[in-house]
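Beneath this line is the structure, given in structure tokens, with notes to follow.
The values are calculated or read from the model by the stated rules, or taken from the named source; none is laboratory data. Computed from a predicted structure; not experimentally measured. Methodologically, a virtual Cβ is constructed for each residue, glycine included, from the backbone with ideal geometry; neighbour enumeration extends over all protein chains shown.
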Amino acid sequence: MKKLTFVVLSLLCFNFANAQREGGFRVGLDLGIIPASGGVGVSFDIEPKYNIKENMSVGLRLGGAVIARDVEEIGSTTFVTATVIASYLGTYDYYFPSGKSFVPFVGGGVGFASALSVRANEDDDIKDIDPDRGFAGVIRGGFEWGKFRMNLEYNLMPKTPLYDSFGFTSKDISNSYFAVNLGFYIGGGKWKKN
């Protein structure tokens, strides 16, 4: 029992040996690649965050994604299923300070998203189609190294109808996606020795 207590106390001391400034405010900017079935996508997020503790932060992630998938050549015409997503999520991250500038973290968030999915070719004139809205969430993990940030995340997005260029629907399509993000943050205090 004494050994277990010693190990737990040692890990806690090691875990908090290096921390951000509590009460610090910072803004993160991330750019992501989205692997998709038969295509690819990109995402961009801006996330103001507040350090509620030295190793915990809460934030508001404003994100956007464009995904092109199921690219298909029929004769001389290329058809693409494209999805555009805007999301607004409250987030929480927990950091595992390492005593150095390399700091792993895990986190998640919940909120709402608007999404629109259309199957069309390059010559189609897309009519006015309103996006659908619904619950959204994210689960993520990664690391910060200095001001640099990298993470892997799974975004749970609402299903939406798949429209054609005339506004007719054919089926519902899943808009959830996996992304690999690279980014950096501005402000918020540095990872520092206590």
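Worth a mention:
- Residue check for K127: of a type outside the set (V, I, T), within 20 Å of the chain's Cα centre (by Cα) and modelled with pLDDT under 90: no
- Residues of the stretch 131-149 that are modelled with pLDDT under 90 and in contact with a strand residue (DSSP E or B) (Cβ under 8 Å, 6 or more places away or on another chain): P131, D132, K147.
- Within the stretch 62-80, the set of residues being surrounded by fewer than 21 Cβ atoms within 10 Å (Cβ to Cβ), in contact with a Gly (Cβ under 9 Å, 6 or more places away or on another chain) and either touching a residue at least 40 places away in the same chain (Cβ under 8 Å) or on the phi > 0 side of the Ramachandran plot (or both) comprises D70, V80.
- Taking the stretch 129-141 as the range and being closer than 20 Å to V106 by Cβ and surrounded by 14 or more Cβ atoms within 10 Å (Cβ to Cβ) as the test, the residues that pass are A136, G137, V138, R140, G141.
- Residue in the stretch 90-112 that is crowded, with 17+ Cβ neighbours inside 10 Å, closer than 30 Å to T169 by Cα and not aliphatic (A, V, I, L, M) present: yes
- The stretch 68-95: number of residues that are aromatic (F, W, Y) and farther than 19 Å from V138 by Cβ: 1
Here's the yes/no breakdown for (1) part of a helix (DSSP H, G or I); (2) at pLDDT 75 or above; (3) at positive phi:
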{"position": "K3", "(1), (2), (3)": "yes, no, no"}
{"position": "V8", "(1), (2), (3)": "yes, no, no"}
{"position": "C13", "(1), (2), (3)": "yes, no, no"}
{"position": "E22", "(1), (2), (3)": "no, no, no"}
{"position": "R26", "(1), (2), (3)": "no, yes, no"}
{"position": "S43", "(1), (2), (3)": "no, yes, no"}
{"position": "I46", "(1), (2), (3)": "no, yes, no"}
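- Of all residues in the stretch 142-191, those satisfying the criterion of being surrounded by fewer than 18 Cβ atoms within 10 Å (Cβ to Cβ) and among the acidic types (D, E) are D164, D172.
- Criterion violated by V84 - all others in (1) outside any strand (DSSP E or B); (2) under 30 Å from S165 (Cβ atoms) satisfied: (1)
Conditions tested, residue by residue: (1) under 21 Å from P35 (Cα atoms); (2) not hydrophobic (A, V, I, L, M, F, W, C).
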| site | (1), (2) |
| --- | --- |
| A86 | yes, no |
| F105 | no, no |
| A120 | yes, no |
| P131 | no, yes |
| R149 | yes, yes |
| L152 | yes, no |
